[in-house]
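Colleague: Here you go, one structure.
The values are calculated or read from the model by the stated rules, or taken from the named source; none is laboratory data. Note that the structure is predicted; figures quoted are calculated from it, not measured. Every residue, glycine among them, receives a Cβ derived from its backbone with ideal geometry; neighbour counts consider all protein chains shown.
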Amino acid sequence: MNSLNSPRGVQQQVSDLEWQTRVDLAACYRLIALHGWDDLVFTHISAKVPGTEDFLINPYGLMFHEITASSLVKVDLAGTKQMDSPFEINPAGYTIHSAVHEVRHDVNCVLHTHTAAGVALSAQQAGVLPLSQQSMFVLASLSYHDYEGVALHAEEKLRLQADLGDSHYMVLRNHGLMTCASSIADAFLMMFIFQRTCEIQLMAQSSGAALGVIPPGILAGAQAMLAGVMRSSTGIGGALPWPALLRKLDEHMPGYAA
């Protein structure tokens, strides 16, 4: 790794706010790996560089447990690297993440996965069903985007943007899951809830038992319930478990802040 991508080299070139974003984003990548939600070198998590329209994304070719704050690649909305880096980015990842960052100025982090449970649920025509407490929170802000093949075509961005609207959870049909949030911590917590929702639904369906659904009246109050549990007026509250998640990461997969 050259001097521009050594911890000292990159940290000295960026603002304190960007460096902290890099550290948190690298931690998020490693937390995804720690939970077994990664897909070799594929799928992506992006985070906006504070005060700019640029965003950070994973270097194509590194596995999630290898990613560090220094190795993240900074690109603009056109996909052009904004700092020297020996790494390139995945074109499909750029298409999906830039589509969100272009139009959702309330979103600072976009997290996309290809987990077995997420893809399996994305292949179900009915999508997410109101079967669990976790599903209530997803259903309160959920959208769907139909599969169009590997996301390499710029024209798909307009359709993805229209489908996303102002939602925070998206099922990419026959593809996987996506969360969009104002912080990296929120995006991770939302994906934890989304992933658990999928796992529970598939387990319940596979049991063969008759399934009971949550009544619509209770679903309507999901956001208020979540705000109470997470101690957040926004109804997300990722800052609450984030320090504990970092302690777990420091114990099992340290080195992300390099």
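Colleague: Among the residues of the stretch 75-86, what is the count of those that are surrounded by 14 or more Cβ atoms within 10 Å (Cβ to Cβ) and in contact (Cβ under 8 Å) with a residue 60 or more places away in the chain?
Modeller: Total satisfying the criteria: 2.
Colleague: Can you tell me which residues in the stretch 63-111 are over 14 Å from the mean Cα position of the chain (by Cα) and part of a strand (DSSP E or B)?
Modeller: Val73, Lys74, Val75, Lys81
Colleague: Next question, about the same structure. I'd like the full set of residues that are part of a helix (DSSP H, G or I) and touching a His at 6+ places or on another chain (Cβ under 7 Å), limited to the stretch 30-62.
Modeller: Here is the first cut: in the stretch 30-62, the residues part of a helix (DSSP H, G or I) are 30-34.
Arg30, Ala33, Leu34 - these are the residues of the stretch 30-62 that are part of a helix (DSSP H, G or I) and touching a His at 6+ places or on another chain (Cβ under 7 Å).
Colleague: When the residues of the stretch 105-115 are narrowed to those that are of a type outside the set (D, E, K, R) and surrounded by fewer than 20 Cβ atoms within 10 Å (Cβ to Cβ), which ends up farthest from Arg196 (Cα to Cα)? Let's see the steps before the verdict.
Modeller: Filtering the stretch 105-115 down to residues of a type outside the set (D, E, K, R) leaves 105, 107-115.
Filter again for surrounded by fewer than 20 Cβ atoms within 10 Å (Cβ to Cβ), leaving 105, 114.
Numbers: His105: 27, His114: 14 Å.
In this case the residue turns out to be His105.
Colleague: Further question on the same structure: Would you point out the residue of the stretch 27-44, among those that are within 13 Å of the chain's Cα centre (by Cα) and under 14 Å from Lys248 (Cα atoms), that is surrounded by the most Cβ atoms within 10 Å (Cβ to Cβ)?
Modeller: Per the stated criteria, the residue is Tyr29.
Colleague: Checking Glu18 against (1) surrounded by 15 or more Cβ atoms within 10 Å (Cβ to Cβ); (2) modelled with pLDDT under 95, only one condition comes out false. Which one?
Modeller: (2)
Colleague: In addition: In the stretch 57-70, what residues are of a type in the set (Gly, Ala, Ser) and surrounded by fewer than 22 Cβ atoms within 10 Å (Cβ to Cβ)? Working first, answer last.
Modeller: From the stretch 57-70, those of a type in the set (Gly, Ala, Ser) are 61, 69-70; that's our starting set.
The answer is Gly61, and nothing else.
Colleague: Look at the stretch 42-68 and say how many of its residues are more than 17 Å from Pro91 (Cα to Cα) and not hydroxyl-bearing (Ser, Thr, Tyr).
Modeller: So the answer is 9.
Colleague: Further question: Among the numbered criteria (1) crowded, with 19+ Cβ neighbours inside 10 Å; (2) touching a Ser or Thr at 6+ places or on another chain (Cβ under 7 Å); (3) modelled with pLDDT of 95 or more, which single criterion is violated by Pro50?
Modeller: Pro50 satisfies all of (1) crowded, with 19+ Cβ neighbours inside 10 Å; (2) touching a Ser or Thr at 6+ places or on another chain (Cβ under 7 Å); (3) modelled with pLDDT of 95 or more except (1).
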